[in-house]
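Notes for the one structure printed next.
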Amino acid sequence: MKGICEFLQSLQCESAMNERMKSNAPWHSDTNSNERCDRNVTHCADRAPRLHIPAMVKEVVHYLACYDKPSGIFVDLTVGTGGHAEAILEAAPRATLIGIDRDESSLEVASERLARFGNRVVLIHGDLRDVQRLLAWCGVEEVDGCLIDPGMSLWQVDQARGFSFRIPAELDMRYDRSQRLTARELVNTLSVEQLTHLFEMAGERRNRARNIAKAIAQARSQHSIETTTQLAAIIADAVKAKRHQRIHPATKPFMALRMAVNDEADALERGTKAALHVLRIGGRIVVLTYQSIEDRIVKRILQQHSQHISTRLPSPFPESREGEPPP
Ligand SMILES: C[S@@+](CC[C@H](N)C(=O)[O-])C[C@H]1O[C@@H](n2cnc3c(N)ncnc32)[C@H](O)[C@@H]1O
C-alpha cells in the first residue's frame, strides 16, 4: 500500500525531537490545566487522570536481571509515567535509568514520580528510534538492559487528547504535540482505500473496514469530522452496532488511527533494532507487545538477529503458588 505510506511519510513531522534533559524538573499539579476538558468528561473533570498501571512488572524486572546488576545502566525507551522505571530503580539500588518518551506531559509525571531517585534518573523527550543518539548525548554507549513498552498509557487515555472514543475531545491522538500530523487530518483526507487498509491492518474484517471508510467519506463530504464523539457515532452507524456491545465498534479504527498518527509500527521496528545495538554483551532486552502486528515485528527482528543474540528465555519466571506472595 504505497500510497498511504508515502502520504504518512510526507505528513510526519521531520524533526520533532526537541529532546531535553528533564531530570528532577518539578511537576506542578496544574500542568494539565490547559487540557481541553469537556463538561461531560467525568474522567477529566471529576478526578485527575489515572496513573498508568504498568504491565508484568515482576517479569520485566526479572528478565532484565535487575537484581543481578545493582549498578547497571538501564534504558526505558517508552518510559511513560515511569511505572516500570520505578520498579527497575528499586530492584537495582545503584543503577542508572535513562527514560525516553515522545510525550512531554508524561515525562513531567515521571519526573515527579522518580524524583526520589535523584541523579540516578535521566529523562529525555525524544523518539525511541533515536536511542543511540540520545544515549550518546548522555555520554553512554552501552547499557545493561532495554525496555520497550509501546502504545499509549492509561494516563494518556484519560486526557482529552483524542485517544479514547469515550472521552469527547478533538481528534488529535499525537504523543508528541510538536508533530504536525493529527488524527483529524487522516480522517478528513485519506481516501476510502487508504482508510480501509488502515482499519484492516488493525484487525478489522475487509467488508467492515470498507463500510466504515465509506461512512467516514460520506460524513466528511457534508462537514469535516472534528471530534472523537462524531467519529465514534459514524463508525457505530456504519456497522449498525447494537448498544451495550462488549467491544465498542470504534475500538479497532481508533487504534488504527493512533498507530498511523504516531507511526507506531515503524517506531517499534526501528526502535527495537536500535536498542539491540546499544546492548552490551550479556545485556538484556524486554519488549512487551499487545497487538499481533507488534508481536510479528519484534519476533521478526529477533529472528533476524538470532546469530548475535540469544532469544532463549534466560531462566523461567518463578511462578508463585496460589495463596503465596509473588516472587
Ligand atoms: C504503554 S506506555 C508506557 C508506560 C510505562 N512503561 C509505564 O510503566 O508507565 C507507552 C509510552 O510510549 C510512548 N511512545 C509511543 N511512541 C513512542 C516513540 N516513538 N518514542 C518514544 N516514546 C513513545 C507513549 O507516549 C507512552 O507514554
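The values are calculated or read from the model by the stated rules, or taken from the named source; none is laboratory data. All of these numbers come straight from a predicted model, not from anything done at the bench. Quick reminder, even Gly has a Cβ in these numbers, built from the backbone with ideal geometry, and neighbours come from all protein chains shown.
Restricting the search to region 151-171, which residues are of a type in the set (D, E, K, R) and either at pLDDT below 95 or away from the ligand (no atom under 16 Å from the Cβ) (or both)?
Matches in region 151-171: D158, R166, E170.
Does E185 count as farther than 29 Å from I309 by Cβ, in contact with a helix residue (DSSP H, G or I) (Cβ under 8 Å, 6 or more places away or on another chain) and outside any loop (DSSP other than H, G, I, E, B)? Walk me through how you get there before you give the answer.
On the way: farther than 29 Å from I309 by Cβ: yes; in contact with a helix residue (DSSP H, G or I) (Cβ under 8 Å, 6 or more places away or on another chain): yes; outside any loop (DSSP other than H, G, I, E, B): yes.
Yes.
I need the full set of residues from region 113-132 which are within 15 Å of the ligand (Cβ to nearest atom) and more than 20 Å from the chain's Cα centre (by Cα), in order please.
Listed by number, the residues that qualify are F117, V121.
Taking region 78-96 as the region of interest, how many residues are over 19 Å from D158 (Cα atoms) and not in a helix (DSSP H, G or I)?
Summing the residues that are over 19 Å from D158 (Cα atoms) and not in a helix (DSSP H, G or I) in region 78-96 gives 5.
Going by the structure shown, is R174 within 16 Å of the ligand (Cβ to nearest atom), part of a loop (DSSP other than H, G, I, E, B), buried (at least 21 other Cβ atoms within 10 Å of the Cβ) and outside the structural domain of V286 (by TED's automatic domain parsing)?
yes
Just to verify a result, which residue in region 138-170, among those that are among the aliphatic types (A, V, I, L, M) and under 16 Å from H277 (Cβ atoms), is surrounded by the most Cβ atoms within 10 Å (Cβ to Cβ)?
By that ranking, first place goes to L147.
Scan P93, P26 and give me the residue that is modelled with pLDDT of 95 or more and either surrounded by fewer than 17 Cβ atoms within 10 Å (Cβ to Cβ) or under 12 Å from L147 (Cα atoms) (or both).
Working: P26 fails: modelled with pLDDT of 95 or more.
Exactly one of P93, P26 is modelled with pLDDT of 95 or more and either surrounded by fewer than 17 Cβ atoms within 10 Å (Cβ to Cβ) or under 12 Å from L147 (Cα atoms) (or both), namely P93.
In region 138-150, what residues are out of contact with any Phe, Trp or Tyr (no Cβ under 6 Å at 6 or more places or on another chain) and within 15 Å of the ligand (Cβ to nearest atom)?
Scanning region 138-150 gives C146, L147, I148, D149, P150.
Would you call A183 surrounded by fewer than 18 Cβ atoms within 10 Å (Cβ to Cβ), within 30 Å of H84 (Cα to Cα) and within 16 Å of the ligand (Cβ to nearest atom)? Reasoning before the result, please.
Values: surrounded by fewer than 18 Cβ atoms within 10 Å (Cβ to Cβ): no; within 30 Å of H84 (Cα to Cα): yes; within 16 Å of the ligand (Cβ to nearest atom): yes.
Answer is no for this residue.
Residue by residue, here is whether (1) at pLDDT 90 or above; (2) among the acidic types (D, E); (3) in a helix (DSSP H, G or I); (4) more than 15 Å from the ligand (Cβ to nearest atom) holds:
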{"site": "H223", "(1), (2), (3), (4)": "yes, no, no, yes"}
{"site": "I234", "(1), (2), (3), (4)": "yes, no, yes, yes"}
{"site": "A265", "(1), (2), (3), (4)": "yes, no, yes, no"}
{"site": "L268", "(1), (2), (3), (4)": "yes, no, yes, no"}
{"site": "V286", "(1), (2), (3), (4)": "yes, no, no, no"}
{"site": "P318", "(1), (2), (3), (4)": "no, no, no, yes"}
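Which number in (1) more than 12 Å from the ligand (Cβ to nearest atom); (2) modelled with pLDDT of 95 or more; (3) not small (G, A, S) marks the one condition that L77 misses?
The single condition L77 does not satisfy is (1).
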